[in-house]
Amino acid sequence: MNVKQKRFCDEYLLDCNITRAAVRAGYSGKRPYSTGRKILDRQDAKKYVEGQLEKLHNERTADAKEVLEYLTSVMRGEFKEQRLKLAGDGIQKVANIDVPAKDRIRAAELIGKRYGMFRDRSDFDGTLPIVIFGEDRITD
């Protein structure tokens, strides 16, 4: 992959728009979409874009463990919420307060749902035999 193609891939990662990425990367002509599509169909460009998307996903997206840790800290009251508090003469200060009880309860509910603690119905994963009585009275 040459420098211009790599630049196209980097531009494509900004908004995932092939036409705009091709124009920004310096590809002129009547069909920037077709040019960009050809570049993205190349194996090396595909690997590069997928690798960069994976990096972005890992850095910016919370995973399940991170979400559960946050919910647990809220539920246990370890998380403090920042609120503005009037300090007099129109001046406000930032105060760290405990998370309200309703938010702690909601965090506990979400954790409970994750672990299937609140099931209203029973799930049965198996097979049941079917028995038909009175088969001597069944006519064809």
Checked pairs for segment 52-71, first farther than 28 Å from V99 by Cβ and part of a helix (DSSP H, G or I), second open to solvent by less than 80 Å² (accessible area, probe 1.4 Å) and not basic (K, R), C-beta under 8 Å and 6 or more apart or across chains, list as Q52/C9; Q52/D10; Q52/L13; L53/L13; L56/L13
So which of A22, A95, A87 is small (G, A, S), assigned to a helix (DSSP H, G or I) and over 30 Å from Y115 (Cα atoms)? A22
The one condition in (1) at pLDDT 90 or above; (2) touching a helix residue (DSSP H, G or I) at 6+ places or on another chain (Cβ under 8 Å); (3) open to solvent by less than 90 Å² (accessible area, probe 1.4 Å) that R20 fails to fulfil: (3)
Surrounded by fewer than 11 Cβ atoms within 10 Å (Cβ to Cβ) and aliphatic (A, V, I, L, M): does that describe M75? no
Could you say which residue among Y33, Y48, Y12 is hydroxyl-bearing (S, T, Y), open to solvent by 70 Å² or more (accessible area, probe 1.4 Å) and assigned to a helix (DSSP H, G or I)? Y33
Where the second residue is of a type outside the set (A, V, I, L, M) and in a helix (DSSP H, G or I) and the first is modelled with pLDDT of 90 or more and lies in segment 92-107, which pairs have Cβ atoms under 6 Å and are six or more apart or on separate chains? none
In this structure, does R104 turn out to be assigned to a strand (DSSP E or B) and either open to solvent by 100 Å² or more (accessible area, probe 1.4 Å) or in contact with a helix residue (DSSP H, G or I) (Cβ under 6 Å, 6 or more places away or on another chain) (or both)? no
Across segment 72-84, what is the total count of residues that are over 21 Å from the mean Cα position of the chain (by Cα) and either part of a strand (DSSP E or B) or of a type in the set (A, V, I, L, M, F, W, C) (or both)? 7
Residue under question is D41, and the condition is that it be surrounded by 12 or more Cβ atoms within 10 Å (Cβ to Cβ) and modelled with pLDDT of 90 or more; does it hold? no
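The values are calculated or read from the model by the stated rules, or taken from the named source; none is laboratory data. Please read all numbers here as calculations on a predicted model, not as lab measurements. Ideal geometry is used to build each Cβ from the backbone, glycine not excepted, and the neighbour counts take in all protein chains shown. What goes into the accessible areas is simple: the full protein's heavy atoms, side chains included, and nothing from ligands, DNA or RNA. Shrake-Rupley method; radii C 1.70, N 1.55, O 1.52, S 1.80 Å.
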